[in-house]
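One structure below.
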Amino acid sequence: MKKVRALFDFVKFPVPVKIAFYNNVVEKLTGNTKFPEPDVLLAEAKTKVDKLNTTYLASKDGSHTAVSAMHDAEKEVDYDFRILVAYVNRIADGDETAILSAGFHTLKQPSSVQKLPLSVRNGETSGSVVLVAKAVNTARAYIWQMAKDKLPEMESGWDIIGHSTQTNFKMSDLEITGWYYFRVAAITPSGTTGYTPAVMKVVV
């Protein structure tokens, strides 16, 4: 039987989701008796996560220098967490409970996390909407998706429109009278929840 292993899925996360995920891993590993001697000092890993957060916030002005600095910081912290996940896999030796206690995901995700409700209301300006999800207590971030004109029959029909650490998300510059479908999922320490049932909104 193939051993359960911690995933490297975090390297593909958008930066704001990655920051929340990495902070959770540091928190979970700190004082974790299952993993007493990480191959990377957690204090140093935390410093690099904080640097990524700082450079991410600075990059919002769109300047090439700031964006480049953010990517440099991202590479540094990704490298450390690749080492940490390898360490967790080595020490856990297939123990899924131990892996999850370190904050990493496995191929087998708990099915007990229920889908969260979603509502969509008109925004403050024409052509905008505000998406509001019911909070998940353990959520570190939320993934927002949208489809236009018709409800997708396949996953590929959905577009990721953003990520947030808050339970609300604003969309603007949408087509007036256009039919849009929205849904959201939460990223938690034990995995990503299922997406909510799609909510349709005619934009005004």
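For the stretch 141-160, name all the residues that are part of a strand (DSSP E or B) and either surrounded by 15 or more Cβ atoms within 10 Å (Cβ to Cβ) or among the acidic types (Asp, Glu) (or both). Write out each step before concluding.
Here is the first cut: in the stretch 141-160, the ones part of a strand (DSSP E or B) are 141-148, 159-160.
Within the stretch 141-160, Ala141, Tyr142, Ile143, Trp144, Gln145, Met146, Ala147, Asp159 meet the criteria.
What single numbered condition from (1) closer than 26 Å to Leu57 by Cα; (2) buried (at least 17 other Cβ atoms within 10 Å of the Cβ) fails to hold for Thr138?
(2)
Here's a check for you: in the stretch 1-52, which residue that is more than 22 Å from the chain's Cα centre (by Cα) and among the basic types (Lys, Arg) is modelled with the lowest pLDDT?
By that ranking, first place goes to Lys2.
Please go through the stretch 47-62 and pick out each residue that is touching a residue at least 12 places away in the same chain (Cβ under 8 Å) and either of a type in the set (Gly, Ala, Ser) or crowded, with 18+ Cβ neighbours inside 10 Å (or both).
Listed by number, the residues that qualify are Lys48, Val49, Leu52, Asn53, Thr55, Tyr56, Ala58.
Please count how many residues of the stretch 170-201 are more than 25 Å from Val25 (Cα to Cα), among the hydrophobic types (A, V, I, L, M, F, W, C) and surrounded by 15 or more Cβ atoms within 10 Å (Cβ to Cβ). Please lay out each step first, then the result.
Pass one, the stretch 170-201, residues more than 25 Å from Val25 (Cα to Cα): 170-183, 196-201.
If we keep only those that are among the hydrophobic types (A, V, I, L, M, F, W, C) too, we end up with 171, 174, 176, 179, 182, 198-200.
Narrowing further to those that are surrounded by 15 or more Cβ atoms within 10 Å (Cβ to Cβ): 171, 174, 182, 198-199.
Here the count works out to 5.
Go through Phe104, Phe182 for me and flag whichever is in contact (Cβ under 8 Å) with a residue 24 or more places away in the chain, assigned to a loop (DSSP other than H, G, I, E, B) and within 19 Å of the chain's Cα centre (by Cα). Don't jump to the end; show me each part of the working.
Numbers: Phe182 fails: assigned to a loop (DSSP other than H, G, I, E, B).
The unique qualifying residue is Phe104.
When you scan the stretch 1-35, how many residues do you find that are in contact with a Ser or Thr (Cβ under 8 Å, 6 or more places away or on another chain) and assigned to a helix (DSSP H, G or I)?
Residues meeting the conditions: 3.
Has the stretch 110-127 got at least one residue that is of a type in the set (Gly, Ala, Ser), surrounded by fewer than 16 Cβ atoms within 10 Å (Cβ to Cβ) and either in a strand (DSSP E or B) or touching a Gly at 6+ places or on another chain (Cβ under 8 Å) (or both)?
yes
The values are calculated or read from the model by the stated rules, or taken from the named source; none is laboratory data. Note that this is a predicted model, so its numbers are computed, not measured. So basically every Cβ, Gly included, is an ideal-geometry build from the backbone, and we count neighbours across all protein chains shown.
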